[in-house]
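No lab work stands behind these numbers, since they all come straight from the coordinates. Source: prediction; values computed, not measured. Every residue, glycine among them, receives a Cβ derived from its backbone with ideal geometry; neighbour counts consider all protein chains shown.
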Amino acid sequence: MDCASEPQGFDYVGFCIRPPSEADSILLQATLGCSHNKCTFCGTYKDKRFAIKDRSILENDLRFAQKHCQRQKRVFVMDGDALIMPMKNWEWLLGQIREKLPWVTRVGAYANSKAVAMKSDEELKRLKELGLSILYYGLESGHPQVLKDITKGAGPEKHITQGQRVKAAGIKLSVTVLLGIGGSERSLEHARETGRVLSGMDPDFVGALTLMLVPGTPLGDAHERGEFSLPDARGMLMELREMIASTNLSGGLFYANHASNYLPIKARLPQDKESALALIDGALQGQVGLKPEWMRAL
């Protein structure tokens, strides 16, 4: 029986999200919400305060997974920045996953700059040894002013440093960036600076999503007041082109195939860069169709 089809099982509190690539994973909610929870564009974790869940709850979740989830080969640890948990919590959890779910081949979690910075190099390597395989890191932008405007909590150079530390520990790094987060005013600057920071981090994966404004968030409210404007579809394509052109990876995959995007892109950089740019140029010239607005979603 798939865990997703079981009516009673995991203890989930509030609204939960996971990366698209973790769609078939066992989802363990080890923390509630996000310890930062200040990003102006994000409304995901406003329904709960940050907390670390009791081990007794996770023990029940693991017993359920042990019985019902033997077809799922991956585990994703939620919520928003689960890496923030102290080492003792991670050591216990990863040990339990290895003991109770021995068929699992990959464990992943969300992370931010603060969570990574709170772990020493030795601790990051220890997490890798215990089975933490991949971290999903929300960069959003590499532009210093945009990062301040969205209250991300760190500047470009800190993001580069923390990303490099994750890679040095042997943990795969997947970085999320947001097309449109700089608004119409800083669109291309945001793209260029984000490409520079991505190049410095050199992640294994980049996921470029298109900003979808959420009502009730500070950025959504600013848009309603006319204080923030999004690029149109053509502007988003030009921003994506500039970002890819400015990104130099040593072999990472650059994805722009999220449901929010106008034009699906999957390119391994550097070898696929020119073909990706040519595809975008074709779309800008009207030779390649774009996803209609009604098909776009968060």
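Here are the numbers for this structure:
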item: Surrounding net charge for LEU279, when Lys and Arg each add one and Asp and Glu each subtract one, Cβ distance under 13 Å; result: 0
item: Equivalent-ellipsoid semi-axes of region 3-285, from the Cα gyration tensor, Å, largest first; result: 32, 21, 18
item: Nitroxide proxy distance, nm - points 7 Å out along Cα→Cβ at GLU227 and ASN257; result: 3.9
item: Per residue convex hull volume, Cα atoms of region 19-127, in Å³; result: 110
item: Within the chain, percent of DSSP bridges classed antiparallel, to nearest 5; result: 15
item: Sequence-distant residues sharing a close amide H with ALA208 (under 5 Å, placed H); result: VAL177, TYR255, ALA256, ASN257
item: P(r) weight above 28 Å for region 135-293, C-alpha pairs, percent; result: 17
item: Range in the chain, longest, excluding exposed trypsin sites (Lys or Arg not before Pro) [loop by DSSP; at most 12 other beta-carbon atoms within 10 Å]; result: 72-224
item: P(r), alpha carbons of region 242-295 - 10 Å bins starting at zero, rounded %; result: 24, 53, 21, 2
item: Over 20 Å (Cα to Cα) - which of LYS100/LYS125; LYS148/LYS273; LYS114/LYS158; LYS114/LYS148; LYS46/LYS152; LYS172/LYS291 fall in this group; result: LYS100/LYS125; LYS148/LYS273; LYS172/LYS291
item: Counted charge near LYS114, where neighbours are those whose Cβ lies closer than 12 Å (Asp, Glu -1; Lys, Arg +1); result: +3
item: Intensity falloff of region 201-298 expressed as log10 I(q)/I(0), Debye formula with alpha-carbon point scatterers, at q = 0.16, 0.20, 0.21, 0.23 Å⁻¹; result: -0.73, -1.01, -1.08, -1.19
item: 12 Å beta-carbon shell around LYS167, net charge (K/R +1, D/E -1); result: +1
item: In nm, spacing of pseudo-spin labels at THR105 and GLU157 (7 Å Cα→C-beta vector); result: 4.1
item: Label-point separation, LYS67 to LYS128 (7 Å along Cα→Cβ), nm; result: 3.8
item: Residue-span extension gain [LYS114 to SER21] - 0.36 nm each, minus C-alpha spacing; result: 31.1 nm
